[in-house]
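The values are calculated or read from the model by the stated rules, or taken from the named source; none is laboratory data. Note that this is a predicted model, so its numbers are computed, not measured. Positions of Cβ are backbone-derived with ideal geometry, glycine not excepted, and every protein chain shown enters the neighbour counts. For the accessible areas, the whole protein counts, side chains as well, though only heavy atoms, and no ligand, DNA or RNA atoms are used. Shrake-Rupley method; radii C 1.70, N 1.55, O 1.52, S 1.80 Å.
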Protein chains: 2
Amino acid sequence: MNKIVSLDILTDCFRRLPGIGSKMAARLAIHVLKMPDAKVEEFANALLNAKKKIHNCPICKNLTDGQVCSVCSDVKRDKSVICVVETPTDVMAIDKAKDYKGLFHVLHGVISPMEGIGPDDIYIKELIARLEDGEVKEVILATNPTVEGDTTALYISRLIKPLGVKVSRLAFGIPIGGDLEYTDELTLSMAIENRRDL
Amino acid sequence: MNKIVSLDILTDCFRRLPGIGSKMAARLAIHVLKMPDAKVEEFANALLNAKKKIHNCPICKNLTDGQVCSVCSDVKRDKSVICVVETPTDVMAIDKAKDYKGLFHVLHGVISPMEGIGPDDIYIKELIARLEDGEVKEVILATNPTVEGDTTALYISRLIKPLGVKVSRLAFGIPIGGDLEYTDELTLSMAIENRRDL
């Protein structure tokens, strides 16, 4: 057999990444060998740097490589609204939509009794603490429309309402550009239940 | 906007790899942040090590991280046959089939006038040199069934035949498990032309 130890190790590293199978991993490893030395070093440094520098923002728990994340430190952001999401990638998705100008709060998970994740295992306490000074007027719960996401939203809304802060939930329904015919039943039921007067 | 410089750099590195789009790249970069420190270091070292250690085998031009590749240094291999392929991944593919027990020779490309690649730009001279001591009795040309692959095979066969070495070409036809109905015309023509007596 044709064995190249250092290539196998690299292939293994790629295969362990999500969504990359063994053929793709082998192809990527071979590609690395064809890259200029400088680019490979850049890649290796990017891995180490990202891992070393990026941490959770002390305020909103979003990822940052600065002291405080760029959203929390942005003076132009509306500090009276906090959008609560499950993961840092949700922040990126909402931020791309460009319509939202408020702050974020990343829970880093959802309440999931099945997986043994309780309210204290995600950043809920930290969210409540941010509401104490009265500057925040509204909390938008943007957890996913799953059982766990809904449960988490409900749990948080019950904690927040007594504080006199407005709580809202993202609208769920038929996606823009979607097709009624191909929309699943649950989404359709949701869209009918939450219909708006015209 | 939510900017994380070191994450963007890492995402960029992933995006430059073949077959990885921007969504996938972002997902991989985020995944790296969740990996344990030791695993990220292992990945970075694997990149640098593979790039530093792997070179072409001085005999067959296949990739190796040893002095001579594991095929050339394997005493159990049949040293009277050389299989000529375009790339190191072709060696891996043929080696996986396990039926072939001879040696390899990697051209690292094909003759392609369109791309300005002539016979001297790939390892053809080095192949001819390996035939000089008379130990090799057969050369199997296993370049791909493309215009360039066929041209290269023809070119090499004309160089080798005068040396009294047997030259053969891989069989091309309908793949095992394939379906006549869905086989392209060229493959079918090839399969009919190269039919075997039963």
Inset, instruction - Return yes or no: is A:Asn45 over 23 Å from A:Val167 (Cα atoms) and either β-branched (Val, Ile, Thr) or crowded, with 17+ Cβ neighbours inside 10 Å (or both)? - result: yes
Legend entry - Unique match (being in a helix (DSSP H, G or I), closer than 30 Å to B:Asn62 by Cβ, more than 20 Å from the chain's Cα centre (by Cα) and more than 8 Å from chain B (Cβ to nearest Cβ)) among A:Ala25, A:Ala44: A:Ala25
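Going by what's in this entry, would B:Leu63 be described as open to solvent by 60 Å² or more (accessible area, probe 1.4 Å), closer than 20 Å to A:Leu7 by Cα and touching a helix residue (DSSP H, G or I) at 6+ places or on another chain (Cβ under 6 Å)? Write out each step before concluding.
Working: open to solvent by 60 Å² or more (accessible area, probe 1.4 Å): no; closer than 20 Å to A:Leu7 by Cα: yes; touching a helix residue (DSSP H, G or I) at 6+ places or on another chain (Cβ under 6 Å): yes.
So B:Leu63 fails the test.
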Inset, instruction - Please identify the pairs in which a residue from the stretch B:8-19 that is modelled with pLDDT of 95 or more has its Cβ atom under 7 Å from the Cβ atom of a residue that is not in a helix (DSSP H, G or I), counting only partners at least 6 apart or on another chain. - result: B:Phe14/B:Ile20
Inset, instruction - Could you list, in sequence order, all residues of the stretch A:31-41 that are open to solvent by 10 Å² or more (accessible area, probe 1.4 Å) and part of a helix (DSSP H, G or I)? - result: A:His31, A:Leu33, A:Lys34, A:Asp37, A:Ala38, A:Lys39, A:Glu41
Inset, instruction - State yes or no: is B:Lys125 open to solvent by 40 Å² or more (accessible area, probe 1.4 Å), modelled with pLDDT of 90 or more and touching an Asp or Glu at 6+ places or on another chain (Cβ under 7 Å)? - result: no
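Counting only residues that are outside any loop (DSSP other than H, G, I, E, B), over 25 Å from A:Ala29 (Cα atoms) and open to solvent by 70 Å² or more (accessible area, probe 1.4 Å), how many does the stretch B:86-114 have? Before you say what the answer is, go through the steps one by one.
Narrowing the stretch B:86-114 to residues outside any loop (DSSP other than H, G, I, E, B): B:88-97, B:102-106, B:112-114.
Still in the list and also over 25 Å from A:Ala29 (Cα atoms): B:102, B:112-114.
Pick out the ones that are also open to solvent by 70 Å² or more (accessible area, probe 1.4 Å) and you get B:113-114.
Going through the stretch B:86-114 one residue at a time, the tally reaches 2.
Going through B:Leu180, B:Leu188, B:Leu198 one at a time, which residue ends up being surrounded by 10 or more Cβ atoms within 10 Å (Cβ to Cβ), modelled with pLDDT under 95 and not small (Gly, Ala, Ser)?
On the way: B:Leu180 fails: surrounded by 10 or more Cβ atoms within 10 Å (Cβ to Cβ); B:Leu198 fails: surrounded by 10 or more Cβ atoms within 10 Å (Cβ to Cβ).
Result of the check over B:Leu180, B:Leu188, B:Leu198: B:Leu188.
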Legend entry - Matching residues, the stretch A:1-22, being within 7 Å of another protein chain (Cβ to nearest Cβ) and under 30 Å from B:Lys76 (Cα atoms): A:Met1, A:Asn2, A:Lys3, A:Ile4, A:Val5, A:Ser6, A:Leu7, A:Ile9, A:Leu10
Legend entry - All positions within the stretch A:28-38 that are facing chain B (nearest Cβ under 7 Å) and under 24 Å from B:Asp90 (Cβ atoms): A:Leu28, A:Ala29, A:Ile30, A:His31, A:Val32, A:Leu33
